[in-house]
Structure formats: C-alpha cells, structure tokens
2 protein chains.
Amino acid sequence: MNSPRPQMTLADIARLAGVGSATASRALNNDKGVSTQTRQRVLDIAAQYAYVVSPEAVRLAKGNLGRVAVVAPHFSRWFFGEIVEGIEAVLREAGIDVLLYFVGSLEDRRSFFDKLPARRKVDAVIVVGFPVEKAERARLELLNVHIVAAGGQHAVYPNVCIDDYRAGRQAMDHLLFLGHQRIGMIEAVDLDQPTEPSGRSSAYRDALRESKLPIEPELVVSAPWGGEQGAEAMDALLSLKTPPTAVYAHSDEVAVGAMRSIRRAGLRIPEDISIVGIDDHPIASLMDLTTVRQPVRSQGELAAQMVLTLLEGKPLPEREITVSTQLTMRSTTAPPRQNR
Amino acid sequence: MNSPRPQMTLADIARLAGVGSATASRALNNDKGVSTQTRQRVLDIAAQYAYVVSPEAVRLAKGNLGRVAVVAPHFSRWFFGEIVEGIEAVLREAGIDVLLYFVGSLEDRRSFFDKLPARRKVDAVIVVGFPVEKAERARLELLNVHIVAAGGQHAVYPNVCIDDYRAGRQAMDHLLFLGHQRIGMIEAVDLDQPTEPSGRSSAYRDALRESKLPIEPELVVSAPWGGEQGAEAMDALLSLKTPPTAVYAHSDEVAVGAMRSIRRAGLRIPEDISIVGIDDHPIASLMDLTTVRQPVRSQGELAAQMVLTLLEGKPLPEREITVSTQLTMRSTTAPPRQNR
DNA sequence: ATTGTATTCGGAAGCGCTTCCGGTTGTTCG
DNA sequence: CGAACAACCGGAAGCGCTTCCGAATACAAT
C-alpha cells in the first residue's frame with residue numbers, strides 16, 4: 001500500500017543535476033548566487049523526482065523551530081474553536097506550524113506543563129482562555145519561550161482579551177435601564193481551571209450599587225460553563241419565593257440553558273423574565289438572545305500577531321490589547337411587567 | 001524579558017558529567033548499558049542545568065517524525081471541535097504531535113495540498129469532515145503518508161463515520177411513524193467543499209417512496225450548514241401554499257435556525273410543525289430538539305487509533321468503521337394536527 | 001593463571017540540510 | 001593587456017542527536 005519509496009536527499013538531487021549540494025540548496029531556496037540555468041536544472045530534477053526537504057534537517061541546520069503551541073482547555077466549545085481558527089490563520093500565513101494541546105482536566109494541564117520543557121518543541125505558546133498558575137509559569141520560563149495569552153485576562157503575559165468588567169456593565173446597565181430592579185446573575189465558573197474573580201461578577205455588584213439597588217446573595221448562582229448547567233442554575237433562581245425579573249448570564253451558552261428552564265416553567269421571555277448573555281455565540285442570534293458581543297476570531301488573530309512580532313525579536317507595541325464589546329439588543333430583554 | 005540563556009547540548013551535559021556523549025544519550029533515554037550511578041549522575045547534571053533535547057536533532061538522527069496533520073474546514077463548529085478533541089487525546093497519549101490545518105475556503109485547500117508535499121512534515125494526515133478531491137489525492141500520495149478520513153464517508157481511504165443514510169432514515173421514519181404526510185427537508189450543503197450526494201438526502205426520498213408518499217420537489221430546499229441558513233431555508237418552506245407539517249433537517253444547527261423561523265412566523269413546535277435534526281449537538285438538548293444522535297468524539301478517537309496502528313506498520317482490522325446513530329426523541333416532534 | 005562472557009563506556013560516523021569560505025570563471029576598467 | 005571585481009560554484013564544517021562498533025574492565029569459569 002504505502003510504497004516506502006526511498007526519499008531523495010539534497011545530495012541526490014545535487015548529484016543528478018551535476019552540481020554541488022551547496023548550489024542545490026541555494027537553488028531550491030531561491031537564494032542568490034546561482035545562475036538561472038543551473039537553478040532551473042536543479043528545480044527540474046527536484047520536481048521530476050518529487051524531492052521534498054526534510055524539515056528536521058533544515059531546522060537543525062538553521063537553528064529555528066517555526067512552531068508554536070496552542071494550549072486550550074476545550075475545542076468543542078465555540079469560543080475556543082473560533083479563537084484557534086484565528087490563530088491558525090495568521091500563523092500559517094507566516095509559515096509557522098501550529099501544535100495543538102488540549103488540556104481539559106487539571107491533570108492534563110499538569111502533565112502538559114511538566115512535559116513541555118522536556119522537549120524544546122516550540123518557539124512560543126499561546127494560552128487560550130485560562131489563567132496560568134504560578135508553578136506552570138515557572139516551567140514555561142524554563143524553556144525560554146515566548147508566551148501570549150488570548151481570551152483570558154492575564155497581566156503576567158502579553159495578552160489580548162475583552163474587558164470583562166465593561167462587558168458585564170454593558171449587560172447590567174441595559175437591564176437596569178429597562179427598569180429591572182430584581183436582577184439575577186448566573187455566574188460561570190470553571191471547575192477544572194484555577195479561577196480568578198471575574199470582572200463579569202464585579203460588574204454586577206457595582207451596577208447594582210450604583211443604582212442604589214440591594215445586592216441579594218440569593219440572586220446570584222454559579223454554574224460551570226455550559227447550557228445544561230445554566231439550565232440548572234436557572235431552576236434555582238426560579239424556585240426563589242420571588243424570582244428575578246431579569247437574568248444576567250456570563251455567557252450565551254449558559255443563557256440559552258437558562259432559557260430552556262424558563263420556557264419549561266411556563267414563563268415567557270421577555271414578558272415574564274428578561275435575559276441577557278455575553279459572547280454573541282452563533283446560537284444567540286438563532287434564539288434572538290440579547291447579548292454583549294465580543295469579537296472572538298480577532299482575539300486569536302491578534303494574539304498570533306503578537307507572537308509573530310515577538311518572534312521577530314521586536315518589542316511589542318502594546319503588551320495588552322483589549323478588544324471592545326458591544327451590546328447587541330435582540331428580543332429576550334424588555335422592561336419588567338409592572339413597568340410596561 | 002526573555003533571557004536567551006544558552007541552550008545546553010547533549011555534549012555539554014556529557015562533558016559536565018564526565019562521560020561520553022553516547023553514554024549521556026543512553027542515560028537520558030533510559031537505554032540499557034549504563035551503570036546506575038553513571039545514569040544518575042547524568043540525570044542529575046541534566047536536571048541541574050535544565051537540559052532539554054532538541055527534537056529536530058533527535059528526529060534527524062532517528063529518522064522518524066512523530067507528527068500527524070489534522071485537516072478540517074472549520075474549527076468553530078461543534079462537530080469539528082469535538083472530533084479534533086478526540087483525535088488529539090489519543091494521539092497525545094501516544095506521544096505524537098498534532099499539527100492543525102484549517103482549510104476553510106477552496107483556496108485554502110488548494111494551497112494546503114500544494115504545499116504539503118513540499119515539506120515532509122507529517123507521518124499521516126487525518127482529513128476531517130470533507131471529501132478529498134482527485135487531484136488532492138494525487139498530491140497526498142506523492143508524499144508517502146498515511147491518510148485517514150473521519151466524519152465523512154470516504155471509501156478511498158480508511159475512514160470512520162456514521163451511516164448517513166441510516167441516520168436519515170431514523171429521522172424520516174420517526175416523522176412518518178407519527179403520521180406526517182407532508183414532510184419538508186432542509187438539505188445541508190457546503191459551498192466550499194466538493195459535495196457528493198448525501199445519504200441523508202436519499203434517505204428522505206426512499207422513506208417517502210416506501211410509504212407511498214409523493215416526492216414533491218418544492219418540499220426540499222438546500223442551505224449551507226449553519227443556523228442562519230437554516231432559518232432562511234425554513235422561510236422558503238413556510239411560504240409554500242401548503243407548508244409541510246414536519247421538517248427533517250440535515251443537522252441540528254440548521255434545525256435550530258429553522259425553529260427560529262417557525263417561531264417568528266407565529267407557529268408552534270411541535271403543535272403546528274414538527275422538526276427533527278441530526279447530530280445531537282449540545283444545543284439540541286437545550287432546545288428540546290428531537291434529533292438523531294451521532295457520537296462525534298469517538299469518531300475522532302477511532303480515526304486516531306487507526307493512524308496509530310497504521311504507523312506501527314500493522315494492517316488495519318477494518319478499513320471502514322461505521323459508528324451507530326440513534327434517534328433521540330425530545331419535544332419538537334409530535335403527530336400532525338389532524339391526527340391528534 | 002588463562003580463556004571466556006558480560007557489562008559499561010567512548011569514538012566516530014552518520015542523519016540531511018545550511019552556510020562560510022575559498023576557488024574558478026568571466027567581465028570591465030585603467 | 002593585466003588588474004580588479006563580480007558572479008557563480010563546490011568542499012567542508014557544522015547543527016545536536018543516535019547508534020554502531022570496538023575497547024576496556026570486571027568477574028566467572030576452566
């Protein structure tokens with residue numbers, strides 16, 4: 001099936017073309033110092049024998065790697081896939097290979113950070129969507145590699161992300177503006193990742209405080225990212241003696257889950273309960289969900305570009321890029337019943 | 001910031017440990033033929049100086065690559081992300097690196113298949129979710145690499161996928177069993193990919209035919225994968241003089257889009273119109289969508305395992321693996337109005 | 001004491017490429 | 001016509017590792 005046809009080497013091509021290996025190399029790499037005819041001859045021979053270079057040898061000789069690692073906790077979630085697409089697109093453009101590391105569980109992470117230094121495989125690593133722990137940072141520094149974070153604030157490294165606090169405020173202020181007084185929050189947390197207090201949460205409290213509204217602990221429930229979890233959280237909110245008239249969810253997926261609970265409880269959206277999410281996940285538009293849009297793909301692209309300039313040895317124009325978010329009103333939010 | 005601390009080489013470690021480079025190599029690789037003390041000494045020195053091997057050199061010397069490419073048209077769509085997760089998990093387990101190639105547009109594809117052979121970078125490639133064209137196949141064969149297809153039927157190469165026809169029948173038979181007589185189909189197509197007649201479509205016609213129901217062309221509309229497109233397609237169906245009482249969509253995303261159209265048209269699901277999708281996308285559960293479930297992650301895992309056995313030079317126990325699908329009934333399907 | 005067998009180790013030859021450096025040509029200018 | 005210079009090319013030295021092979025030492029068997 002797979003004929004192990006002997007791979008030709010540069011030396012073979014050189015010999016066949018009747019030139020030295022140095023010349024062959026120059027011809028193939030489009031370096032100067034080779035006459036047009038010689039170059040053509042080499043190229044022809046190479047094409048004829050389907051010559052392909054050995055990237056290992058090239059890299060060994062040149063001393064660079066041309067590879068960057070992308071580390072993320074998931075890929076099946078839209079946000080991550082989208083961001084990785086962005087990264088891949090610009091990196092490939094630059095001729096750099098993208099190595100994928102999927103580190104879902106804490107255990108995976110640990111093993112990733114342990115083994116990484118053992119194999120000097122990449123020029124840089126892009127960490128997508130989770131904070132890097134102290135110990136992990138130490139490992140990373142060991143191998144003398146550039147690090148960039150995308151889609152997760154991370155002051156330690158150059159990073160690109162949204163302003164979580166601002167996004168949260170956009171959502172909350174919208175609800176407040178509509179006249180809601182009793183607003184619930186479904187706080188998204190990640191069990192597997194070391195979690196830091198999110199700006200999305202403090203935005204909730206600040207907004208309430210500024211509106212002179214009480215902050216009632218029973219109105220905030222937390223749930224892992226994900227629709228099912230959002231649904232459960234919403235069930236909790238719904239079982240309150242006096243449920244909220246509006247809900248602010250940390251993500252669209254969570255919000256959509258919550259919507260199912262509301263629907264199943266026989267309540268209508270937005271007549272009985274308003275709901276707003278964050279992300280502008282494709283599903284948001286399909287569900288007519290009001291949300292705070294964040295550009296995801298470009299976060300990936302920007303992070304990749306940072307890596308590129310870092311790789312060129314240039315300084316970063318700015319260590320932290322914050323991409324802007326905007327409220328996208330659809331039809332899951334409306335003034336509370338009594339105000340209509 | 002990034003101290004370009006000189007990287008130690010094997011030779012350095014060997015010298016420091018007072019042994020030959022051969023011995024150092026053996027010690028580090030846990031080969032036999034090294035006394036315990038010597039080995040320990042080398043290991044200590046290596047640890048102390050944070051020695052990391054150069055994978056290029058190792059590969060050059062050993063002659064193998066240890067890398068496989070995963071090629072997919074998207075990553076932000078759940079199906080692809082999930083399948084890639086599966087692949088990555090088993091390949092990493094085996095110590096193999098996963099290179100990512102995202103080939104959304106036709107153009108991307110072309111350039112991918114053109115350049116791939118120019119850099120003998122991988123031992124195998126896994127093609128996810130799209131058929132490989134003739135010309136591309138030729139390129140692939142050129143570089144003497146294993147090829148496996150996942151999530152897309154592809155008789156040419158070893159592959160793992162679902163039985164599209166069967167899945168379609170499961171959906172259609174369900175609708176038919178409920179008593180629907182006028183069933184629409186939203187056929188998903190991919191503009192950027194060479195498309196082959198899908199088993200999902202022939203299932204529709206066969207099912208109708210077997211039930212002695214007429215096949216009306218106006219009842220089938222096609223749309224690119226994606227919610228918005230599904231919504232538009234549904235609009236078309238809705239604008240028929242007599243719209244269908246049930247709709248079979250080729251994917252959940254399309255189905256969910258269609259649901260929005262139905263909802264916006266003031267119709268109720270399933271009372272006025274039933275709808276069934278394929279995939280069991282997480283969103284399906286959130287929308288209470290009846291669908292035909294396919295195991296996605298395991299398709300990725302199985303494909304990766306195929307690659308592994310291929311890489312070991314063993315023959316494949318079976319060239320084609322078909323994973324089974326099952327109807328998952330939720331609440332978007334019910335008997336048509338008049339039959340209740 | 002001698003021969004034999006294991007065990008441990010180091011030298012050195014690659015792996016396939018890039019690149020420095022010096023040698024040949026061919027051209028141009030004084 | 002000779003010198004100066006450019007353009008082109010080949011030999012060979014790495015790049016950092018693995019691995020073959022032979023040397024050295026140790027220890028058991030004769």
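So is B:ILE45 more than 14 Å from chain A (Cβ to nearest Cβ) and away from DNA strand C (no atom under 12 Å from the Cβ) or not?
For B:ILE45, the condition - more than 14 Å from chain A (Cβ to nearest Cβ) and away from DNA strand C (no atom under 12 Å from the Cβ) - is met.
Among what's in the stretch B:61-80 and is modelled with pLDDT under 90 and within 13 Å of DNA strand C (Cβ to nearest atom), pick the residue that is farthest from the chain's Cα centre (by Cα).
Going through the qualifying residues, I end up with B:LYS62.
Return the only residue of A:ILE147, A:ILE87 being assigned by TED's automatic domain parsing to the domain that holds A:GLU318, touching a strand residue (DSSP E or B) at 6+ places or on another chain (Cβ under 8 Å) and open to solvent by less than 10 Å² (accessible area, probe 1.4 Å).
After ruling out the rest, the residue left standing is A:ILE87.
Please pick out the residue among A:GLU93, A:GLU56, A:GLU107 that is out of contact with any Phe, Trp or Tyr (no Cβ under 7 Å at 6 or more places or on another chain), over 26 Å from B:SER111 (Cβ atoms) and free of Cβ contacts under 8 Å to residues at least 12 places away in the same chain.
Result of the check over A:GLU93, A:GLU56, A:GLU107: A:GLU107.
Just name the residue that is nearest to B:ASN144 (Cα to Cα) out of those in the stretch A:32-58 that are modelled with pLDDT under 90 and near DNA strand D (Cβ under 10 Å from one of its atoms).
A:GLU56
When you go through A:ILE278, A:ILE273, A:ILE269 one by one, which is the residue that is closer than 28 Å to A:ILE186 by Cβ and within 12 Å of chain B (Cβ to nearest Cβ)?
When all the criteria are applied, what remains is A:ILE269.
When residues of the stretch A:221-242 are filtered for being open to solvent by less than 50 Å² (accessible area, probe 1.4 Å) and either touching a Leu at 6+ places or on another chain (Cβ under 9 Å) or outside the structural domain of A:HIS180 (by TED's automatic domain parsing) (or both), how many remain?
Matching residues across the stretch A:221-242 total 8.
May I ask you to list the residues in the stretch B:295-321 that are within 14 Å of chain A (Cβ to nearest Cβ) and at pLDDT 95 or above?
Across the stretch B:295-321, the qualifying residues are B:PRO295, B:VAL296, B:ARG297, B:SER298, B:GLN299, B:GLY300, B:GLU301, B:ALA304, B:MET306.
For B:PHE80, all conditions in the list (1) within 13 Å of DNA strand D (Cβ to nearest atom); (2) facing chain A (nearest Cβ under 8 Å); (3) not aliphatic (A, V, I, L, M) hold save one; what is the number of the exception?
(1) is the only condition that B:PHE80 fails.
Could you list, in sequence order, the residues of the stretch A:135-186 that are farther than 24 Å from A:GLN229 by Cα and of a type in the set (Ser, Thr, Tyr)?
The one that is farther than 24 Å from A:GLN229 by Cα and of a type in the set (Ser, Thr, Tyr): A:TYR157.
Quick check on my filter: what residues within the stretch B:296-327 are touching a Lys or Arg at 6+ places or on another chain (Cβ under 7 Å) and open to solvent by 30 Å² or more (accessible area, probe 1.4 Å)?
B:GLN326
Quick check on this structure: which one of B:VAL127, B:VAL156 is surrounded by fewer than 18 Cβ atoms within 10 Å (Cβ to Cβ), closer than 16 Å to B:GLU320 by Cβ and either touching a helix residue (DSSP H, G or I) at 6+ places or on another chain (Cβ under 9 Å) or assigned by TED's automatic domain parsing to the domain that holds B:GLU82 (or both)?
After ruling out the rest, the residue left standing is B:VAL156.
Can you tell me which residue within the stretch A:16-30, out of those that are open to solvent by 70 Å² or more (accessible area, probe 1.4 Å) and within 11 Å of DNA strand C (Cβ to nearest atom), is nearest to the chain's Cα centre (by Cα)?
A:ASN29
Consider B:TYR248 carefully, then state whether it is assigned to a strand (DSSP E or B), under 27 Å from B:ILE83 (Cα atoms) and away from every other protein chain (no Cβ under 14 Å).
The answer is yes for B:TYR248.
Is it the case that some residue within the stretch A:252-271 is open to solvent by less than 10 Å² (accessible area, probe 1.4 Å) and assigned to a loop (DSSP other than H, G, I, E, B)?
no
Output the qualifying pairs, or none if there are none: Cβ atoms under 9 angstrom, residues six or more apart or on different chains, first residue in the stretch B:11-27 and more than 7 Å from DNA strand D (Cβ to nearest atom), second residue open to solvent by 40 Å² or more (accessible area, probe 1.4 Å) and among the acidic types (Asp, Glu).
Cβ pairs passing all conditions: B:ALA17/B:ASP44.
The values are calculated or read from the model by the stated rules, or taken from the named source; none is laboratory data. Keep in mind that what you see is a predicted model, and the values were worked out from it rather than measured. Reconstructed Cβ throughout: ideal geometry from the backbone, glycine too, with neighbour counts over all protein chains shown. To get the accessible areas, we keep the full protein, side chains included, count just its heavy atoms, and leave off ligands, DNA and RNA. Shrake-Rupley method; radii C 1.70, N 1.55, O 1.52, S 1.80 Å.
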